[in-house]
Amino acid sequence: MNSTTQTAPQTDKQPRPAGFLRALWVITYSIAATGKYSLKTLYFAFFSKKNLRTKVDKILVDWSGRLIRAARINWQVEGDLEAQVEEGRRVIIMCNHSSAYDIPLAFTALPGSIRMISKKELFSVPLLSSAMKAAEILSINRQNRQQAIEDLKIAREKMESGIRIWMFPEGTRSRNGELIPLKKGGIRLAIDTNALIIPVVMQDIYKVLPKKKWLRMRLHQPVMVKVGEAIDCREFDVEHRHELSDLVYNSMKRMLEERNS
């Protein structure tokens, strides 16, 4: 778990502000690429359903790789997720959230068939909504109890079929990269499904594109993706959910604060 794997082409260029025109181009390109790959997903969902999950895996990797290269993120991975996952185990990857680009970086840097739990507002965007459903992206509505029960059942089925659920337990993006207290929904989901939680943090990802500062992008920003020790939720019940939440939070906070020498 202490080894660092260099998984992106490295550059000696120093991080620098993108500038207005470059930032505008990257954002526009990212939106266009998202639309293109959404259409590609829908094409396979309607006309070429055989091995659809494998095709979607490739689409997500291709889409995310284009976005990461456009933003020129200089990333590395520390830790080994695959070595910690027993065959057949349900897996929830819990990751910090402080930039729009932590979403594509997760699909680029982490192994396996990963599907995120998205906020329900994204499912109201016409093209994106259809593509997300076809790609098995999930949403859990905790405000509607009956719907939440159905959503939880679907999440369990997806995990049992080999999908690794990936979520932001903070519930919103951090403005400065510091970890926000975790929401209860993700912890409860992990307990209810007896999942294996893999804590993950992306150190300095917020510098690439801070929250609500769309034109303050930085190019060539080094980002370390840290994979923490797995936490087995079979050892916790609902009464001990706060202890589990503290365990996940402290693991993520410690990784965020640690700096490599």
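The values are calculated or read from the model by the stated rules, or taken from the named source; none is laboratory data. Because the structure is predicted, anything quoted here is derived from the model rather than measured. Neighbour counts run over all protein chains shown; Cβ positions are idealised from the backbone, glycine included. Note: accessible area is taken over every heavy atom of the protein model, side chains too, but ligands, DNA and RNA are not part of it. Shrake-Rupley method; radii C 1.70, N 1.55, O 1.52, S 1.80 Å.
Which one of the conditions (1) touching a residue at least 60 places away in the same chain (Cβ under 8 Å); (2) assigned to a loop (DSSP other than H, G, I, E, B); (3) surrounded by fewer than 20 Cβ atoms within 10 Å (Cβ to Cβ) does Leu209 fail to meet, given that it meets all the rest?
Every condition holds for Leu209 apart from (3).
Tell me, please, whether a residue that is touching a Phe, Trp or Tyr at 6+ places or on another chain (Cβ under 9 Å) and more than 28 Å from Tyr101 (Cβ to Cβ) can be found in the stretch 239-258.
Checked the stretch 239-258: at least one residue is touching a Phe, Trp or Tyr at 6+ places or on another chain (Cβ under 9 Å) and more than 28 Å from Tyr101 (Cβ to Cβ).
Cβ-Cβ distance below 8 Å, separation of 6 or more or different chains: which pairs start in the stretch 223-246 with a residue that is farther than 30 Å from Trp75 by Cβ and end on one that is of a type in the set (Lys, Arg)?
Val238/Arg188; Arg241/Lys184; Arg241/Arg188
Can you find a residue in the stretch 184-202 that is touching a Pro at 6+ places or on another chain (Cβ under 8 Å) and in a loop (DSSP other than H, G, I, E, B)?
Checked against the condition, which is being touching a Pro at 6+ places or on another chain (Cβ under 8 Å) and in a loop (DSSP other than H, G, I, E, B), the stretch 184-202 yields no hits at all.
Tell me, which residue of the stretch 126-145 that is closer than 15 Å to Phe44 by Cβ and not hydrophobic (A, V, I, L, M, F, W, C) is most open to solvent (accessible area, probe 1.4 Å)?
Per the stated criteria, the residue is Lys133.
Does Leu179 satisfy being modelled with pLDDT of 90 or more, buried (at least 18 other Cβ atoms within 10 Å of the Cβ) and part of a loop (DSSP other than H, G, I, E, B)?
yes
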